[in-house]
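> Okay, here's the structure, questions in a sec.
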Amino acid sequence: MRRRWAVGLILISILTMACGGAASVDEYKAAFVYVGPADDGGWSQAHDVGRQYLVEQTGIQTEYTALVPEDATEFRTVAEAYIEQGYNIIFGTTFGYIDAMAEMAEEYPDVIFLHCSGYLNNDTNFANYFGKMYQPRYLSGLAAGAMTDSNKIGYVAAFPIPEVIRGINAFAAGVNEVNPDATVEVVWTFTWFGPEAETQAANALLETGADVLAQHQDSAATGLAAEAAGAKWISYNTAYGQDSAPEAFVTAPVWDWGPYYVDIVESIIDGTFTTESYWGGMETGLVSLYDLSSDVPSETATLIAEKTEAIINGTLEVAIVEEEFISNVIGTVNP
Amino acid sequence: MNKYLLSKKIVINELSTFYSFLIGLSIGIGIGSIILLTQGQNPIEVFSLMLRLSVGSVKSISTSLNKAIPLILAGLGISIINSVKLWNIGAEGQIFMGGIALNFLYINTEISSPNLMIVYLLITSFIGGAVCILFPAIAKVLFGVNEIITTLLFNYIIIGLTIYLVNGPWKDPGSLNFPAATYVGKEVYLPTVFGRLSYGFIICFLCTIGVHYLKEKSVFGYELRISGGSALTAIYAGINAKQKAFIAMLIGGGLAGLAGGVELLSQTHRVSTGLSQGFGYTAIIVAAITGMRPFGIFLVGSLFGALTIGGSVIQTMGVSSYIADVIQATTLFGALIAQFFFTYKIIKVSEDV
């Protein structure tokens, strides 16, 4: 560990020396604002792991605030506290901060605002970034389709926004490819992080006969429900869920924010930063499918490996459908 | 053998609620400091940042007071209802209903004069809150149904209604399916007094004076106290106790509805499930620790606003969210204990006699 630090320090000093007259990392402080706990085992933790990687790689000073509701005043209070303390890069990692971040970017032109999963940006100091999570979701659908006996797959989902809908459709397309008889049933929870609501939705799906559950949620509650019922579970965000639900865990489409955070912060430091929307796919490593559990049939594992290769080298494009559900999905996009 | 008994003090210092809150704050800061030290944090740095960002500048004072507005308005409503010895646990739902009623009027009306429109919208939010408590009030006076249960249950109904509206008929097409209603137009935003302080605070102050007058100085307030005190006395005095309780509940619900209306026009600018961050429940605490006194609610509500803002910035110093919650909770707990000793005294009773 210490050796890694030493190597890091040497690298940083070489980098800073190489940069010479350019701005140094000491002039920047980065703050992260999360909607859930930093140890939620899911979405927010994936960002926090990325933050720690950023610190390791660049030596930049960072801080985070967890459990900030998707409310303009709440976000503003926290962000202004950081600005007051000299922070000049603010990461907001949930969709609902969008309006507050757009407003604050106008108000604080010297601070750079980076918004994850939104659709707004400006020309100077407000950028948005995200990943093509629907790609590994499609791959996880291949696994789910092969694992179900009841041909009923449950999907616990947060909000009917385009990001979630295209994920469900990509997943269902994967299911359909290996198992045309299977259906994917969606239950909306209307919360990103709400273990109670997630458990309730998961149990409702299990009771109606689903034997594989997938999720677009931030906690591992769906996995715990699947584990208790002896069902299988496709997790999301991170693979930490395999510790809490070892029998149920099949795989997970996961995030790796670290390298992107390093790139964007380095671009800010060396002055090449632009506010263009960033949407990284599997070829960047930002999104990927975690290792499959040993329960997955070997022919399915081979198929998934082939498709992974095809997505990465660009010969396979996963379709983006976000206006309505495809035919093997049961549920509505206008609940 | 000696026995110790708790006895309510006959004379309670009017300022006691304020002092008790300050004592509680000190207890909270004391315990919080110990916790922070165990976390390797410097308590002086953390608390001075809290102070600076909650009351240290015009901007932060106005942010804190904005946070206090819904607490004070809903707290005043709870205090009016409590003068007939009834509890309103439904302020949370009434806040949402105030916002819903306001938005209903807004989307169904042509605006000719924005200022007049704001007045109409706020009156509508008051009516919305009153309508929300109408059923519990009727159930109470006609059948004696426990208002604690009915007002609480109405919260779930109204929040369900909110979820339905923001996902269905009122969903903002521009929000890409994110469940929230369309924003109201800028012309009906509440203007600001100074910094970010919205006119809601003036409304709040006027309501505090109004409720104080109503409760303490008016015949109606006297009748409320008699009705809540003793049913027999009320009959003897020729007061229709049920009618008074009914009116008190409607006014109280209306004030919580107004809190929702002011919050919508000054802060959130739209109906969503984030319209209230549990203000209706916090307002119960504010009203209870001030002994239901309007000016106490005004003062402690304002301090609570600052504490909320202060609490949400603790994390920016690297304190974990769990520790931040503990510090907020110890402060509140300290205030409740201090209030207890201002209200009660321990007396020694000798059993030998």
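> Of all residues in region A:66-78, which are assigned to a loop (DSSP other than H, G, I, E, B) and more than 7 Å from chain B (Cβ to nearest Cβ)? Break it down into steps so the answer makes sense when it comes.
So the first thing to find is which residues in region A:66-78 are assigned to a loop (DSSP other than H, G, I, E, B), and the list is A:66-71.
A:Val68, the sole residue that qualifies.
Rundown of residues vs (1) in contact with an Asp or Glu (Cβ under 8 Å, 6 or more places away or on another chain); (2) in a loop (DSSP other than H, G, I, E, B); (3) of a type outside the set (Val, Ile, Thr), yes/no style:
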residue: B:Ile157; (1), (2), (3): no, no, no
residue: B:Leu161; (1), (2), (3): no, no, yes
residue: B:Tyr183; (1), (2), (3): yes, yes, yes
residue: B:Glu187; (1), (2), (3): no, no, yes
residue: B:Gly195; (1), (2), (3): no, yes, yes
residue: B:Cys204; (1), (2), (3): no, no, yes
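> If you don't mind, another one. So, in region B:152-191, how many residues would count as being touching a strand residue (DSSP E or B) at 6+ places or on another chain (Cβ under 9 Å) and closer than 19 Å to B:Ile123 by Cα?
3
> Based on this model, can you work out whether A:Phe273 counts as closer than 20 Å to A:Ala182 by Cα and either within 18 Å of the chain's Cα centre (by Cα) or among the aromatic types (Phe, Trp, Tyr) (or both)?
Details: closer than 20 Å to A:Ala182 by Cα: no; either within 18 Å of the chain's Cα centre (by Cα) or among the aromatic types (Phe, Trp, Tyr) (or both): yes.
When the stated conditions are applied, A:Phe273 does not pass them.
> Taking the conditions exactly as written (outside any loop (DSSP other than H, G, I, E, B), more than 14 Å from chain A (Cβ to nearest Cβ) and of a type outside the set (Phe, Trp, Tyr)), does B:Gln339 satisfy them or not? Step through it out loud before you land on a result.
Details: outside any loop (DSSP other than H, G, I, E, B): yes; more than 14 Å from chain A (Cβ to nearest Cβ): yes; of a type outside the set (Phe, Trp, Tyr): yes.
For B:Gln339, the condition - outside any loop (DSSP other than H, G, I, E, B), more than 14 Å from chain A (Cβ to nearest Cβ) and of a type outside the set (Phe, Trp, Tyr) - is met.
> I'd like the residue in region A:165-189 that is in a helix (DSSP H, G or I) and surrounded by fewer than 24 Cβ atoms within 10 Å (Cβ to Cβ) and, out of all such residues, is farthest from the other protein chains (Cβ to nearest Cβ). Walk me through it before giving the result.
Step one: filter region A:165-189 for residues in a helix (DSSP H, G or I), giving A:165-178.
Next, only the ones that are surrounded by fewer than 24 Cβ atoms within 10 Å (Cβ to Cβ) stay: A:166, A:173, A:176-178.
Working: A:Arg166: 12, A:Ala173: 20, A:Asn176: 24, A:Glu177: 27, A:Val178: 29 Å.
Filtering first and then ranking leaves A:Val178.
> Count, please, the residues in region A:137-164 that happen to be within 28 Å of B:Val166 (Cα to Cα) and part of a helix (DSSP H, G or I).
Going through region A:137-164 one residue at a time, the tally reaches 3.
> While we're on this one: Out of the residues in region A:194-215 that are of a type in the set (Gly, Ala, Ser) and buried (at least 24 other Cβ atoms within 10 Å of the Cβ), which is farthest from A:Val68 (Cα to Cα)?
Step one: filter region A:194-215 for residues of a type in the set (Gly, Ala, Ser), giving A:194, A:197, A:201-202, A:204, A:209-210, A:214.
With buried (at least 24 other Cβ atoms within 10 Å of the Cβ) added as a condition, the list becomes A:201-202, A:210, A:214.
Numbers: A:Ala201: 24, A:Ala202: 25, A:Ala210: 34, A:Ala214: 26 Å.
Looking at residues that are of a type in the set (Gly, Ala, Ser) and buried (at least 24 other Cβ atoms within 10 Å of the Cβ), I get A:Ala210.
> I've got another one for you. Criterion first (under 23 Å from B:Lys215 (Cα atoms), away from chain A (no Cβ under 14 Å), within 21 Å of the chain's Cα centre (by Cα) and modelled with pLDDT of 90 or more) does B:Leu15 satisfy it? Outline the logic, then answer.
Numbers: under 23 Å from B:Lys215 (Cα atoms): yes; away from chain A (no Cβ under 14 Å): yes; within 21 Å of the chain's Cα centre (by Cα): yes; modelled with pLDDT of 90 or more: no.
So B:Leu15 fails the test.
> Checking A:Asp40 against (1) assigned to a helix (DSSP H, G or I); (2) closer than 27 Å to B:Gln277 by Cα; (3) charged (D, E, K, R); (4) at pLDDT below 90, which test does it fail?
The number of the failed condition is (1).
> Now a separate question. For region B:320-336, enumerate the residues that are crowded, with 22+ Cβ neighbours inside 10 Å and at the interface with chain A (Cβ under 10 Å from one of its Cβ atoms).
B:Ala324 - this is the single residue of region B:320-336 that is crowded, with 22+ Cβ neighbours inside 10 Å and at the interface with chain A (Cβ under 10 Å from one of its Cβ atoms).
> Determine whether region A:265-282 contains at least one residue that is closer than 23 Å to A:Ser140 by Cα, crowded, with 20+ Cβ neighbours inside 10 Å and in contact with a Ser or Thr (Cβ under 8 Å, 6 or more places away or on another chain).
yes
> Among A:Asp243, A:Asp218, which is outside the structural domain of A:Thr93 (by TED's automatic domain parsing), over 14 Å from A:Ala144 (Cα atoms), modelled with pLDDT under 95 and surrounded by fewer than 19 Cβ atoms within 10 Å (Cβ to Cβ)? Give the steps one after another, and end with the answer.
Details: A:Asp218 fails: surrounded by fewer than 19 Cβ atoms within 10 Å (Cβ to Cβ).
Selected residue: A:Asp243, the only one of A:Asp243, A:Asp218 that is outside the structural domain of A:Thr93 (by TED's automatic domain parsing), over 14 Å from A:Ala144 (Cα atoms), modelled with pLDDT under 95 and surrounded by fewer than 19 Cβ atoms within 10 Å (Cβ to Cβ).
> Here is a follow-up. Take the residues in region A:225-240 that are out of contact with any Phe, Trp or Tyr (no Cβ under 9 Å at 6 or more places or on another chain) and of a type outside the set (Phe, Trp, Tyr), then tell me which one is farthest from A:Met147 (Cα to Cα).
Step one: filter region A:225-240 for residues out of contact with any Phe, Trp or Tyr (no Cβ under 9 Å at 6 or more places or on another chain), giving A:228-231, A:240.
With of a type outside the set (Phe, Trp, Tyr) added as a condition, the list becomes A:228-231.
On the way: A:Ala228: 17, A:Ala229: 15, A:Gly230: 13, A:Ala231: 10 Å.
Ranking the qualifying residues of region A:225-240, first place goes to A:Ala228.
> Still on this structure, I have one more. From the list A:Tyr134, A:Tyr129, A:Tyr138, pick out the single residue that is under 28 Å from A:Glu309 (Cα atoms), buried (at least 22 other Cβ atoms within 10 Å of the Cβ), in contact with a Ser or Thr (Cβ under 8 Å, 6 or more places away or on another chain) and in contact (Cβ under 8 Å) with a residue 40 or more places away in the chain.
Every option except A:Tyr129 fails the conditions.
> From the residues in region A:79-99 that are in a helix (DSSP H, G or I) and under 22 Å from the mean Cα position of the chain (by Cα), which one is farthest from B:Lys59 (Cα to Cα)?
So in region A:79-99, the residues in a helix (DSSP H, G or I) come out as A:79-84, A:95-99.
Next cut, under 22 Å from the mean Cα position of the chain (by Cα) only: A:79, A:95-99.
On the way: A:Ala79: 14, A:Phe95: 26, A:Gly96: 24, A:Tyr97: 21, A:Ile98: 22, A:Asp99: 20 Å.
Per the stated criteria, the residue is A:Phe95.
> Hey, another quick one. Among A:Ala81, A:Ala66, which is the only one that is at pLDDT below 95, surrounded by 19 or more Cβ atoms within 10 Å (Cβ to Cβ) and touching a Leu at 6+ places or on another chain (Cβ under 6 Å)?
Values: A:Ala66 fails: touching a Leu at 6+ places or on another chain (Cβ under 6 Å).
Of the residues listed, the single one that is at pLDDT below 95, surrounded by 19 or more Cβ atoms within 10 Å (Cβ to Cβ) and touching a Leu at 6+ places or on another chain (Cβ under 6 Å) is A:Ala81.
> Same structure again: Name the residues in region A:79-113 that are more than 8 Å from chain B (Cβ to nearest Cβ), free of Cβ contacts under 8 Å to residues at least 40 places away in the same chain and hydrophobic (A, V, I, L, M, F, W, C), would you?
If the condition is that a residue be more than 8 Å from chain B (Cβ to nearest Cβ), free of Cβ contacts under 8 Å to residues at least 40 places away in the same chain and hydrophobic (A, V, I, L, M, F, W, C), then A:Ile83, A:Ile98, A:Ala100, A:Met101, A:Ala102, A:Met104, A:Ala105, A:Val111, A:Phe113 are the ones that fit.
> Okay, next question. Are there helices (runs of 4 or more DSSP H) fully within region B:32-149 with at least 1 residues that are at pLDDT 95 or above, within 30 Å of B:Thr331 (Cβ to Cβ) and β-branched (Val, Ile, Thr)? List them. Lay out the reasoning, then the answer.
Numbers: elements: B:43-55, B:58-82, B:91-107, B:114-143.
So the answer is B:58-82, B:91-107.
> If a residue has to be among the small types (Gly, Ala, Ser), within 17 Å of B:Lys244 (Cα to Cα) and buried (at least 18 other Cβ atoms within 10 Å of the Cβ) to count, how many in region B:121-179 make the cut? If you could, list the steps in order and put the result at the bottom.
Residues of region B:121-179 among the small types (Gly, Ala, Ser): B:125, B:128-130, B:137, B:139, B:144, B:160, B:168, B:174-175.
Retained after the next criterion (residues that are within 17 Å of B:Lys244 (Cα to Cα)): B:130, B:137, B:139, B:144.
Checking the rest, the ones that are also buried (at least 18 other Cβ atoms within 10 Å of the Cβ) come to B:130, B:137.
Here the count works out to 2.
> Name the one entry in B:Val166, B:Val211, B:Val141, B:Val188 that is out of contact with any Leu (no Cβ under 9 Å at 6 or more places or on another chain), hydrophobic (A, V, I, L, M, F, W, C) and farther than 30 Å from A:Thr189 by Cα.
Working: B:Val166 fails: farther than 30 Å from A:Thr189 by Cα; B:Val211 fails: out of contact with any Leu (no Cβ under 9 Å at 6 or more places or on another chain); B:Val188 fails: out of contact with any Leu (no Cβ under 9 Å at 6 or more places or on another chain).
Result: B:Val141 is the single residue among B:Val166, B:Val211, B:Val141, B:Val188 that is out of contact with any Leu (no Cβ under 9 Å at 6 or more places or on another chain), hydrophobic (A, V, I, L, M, F, W, C) and farther than 30 Å from A:Thr189 by Cα.
The values are calculated or read from the model by the stated rules, or taken from the named source; none is laboratory data. What you are looking at is a predicted structure, and each value in this text was computed from that prediction instead of being measured. So basically every Cβ, Gly included, is an ideal-geometry build from the backbone, and we count neighbours across all protein chains shown.
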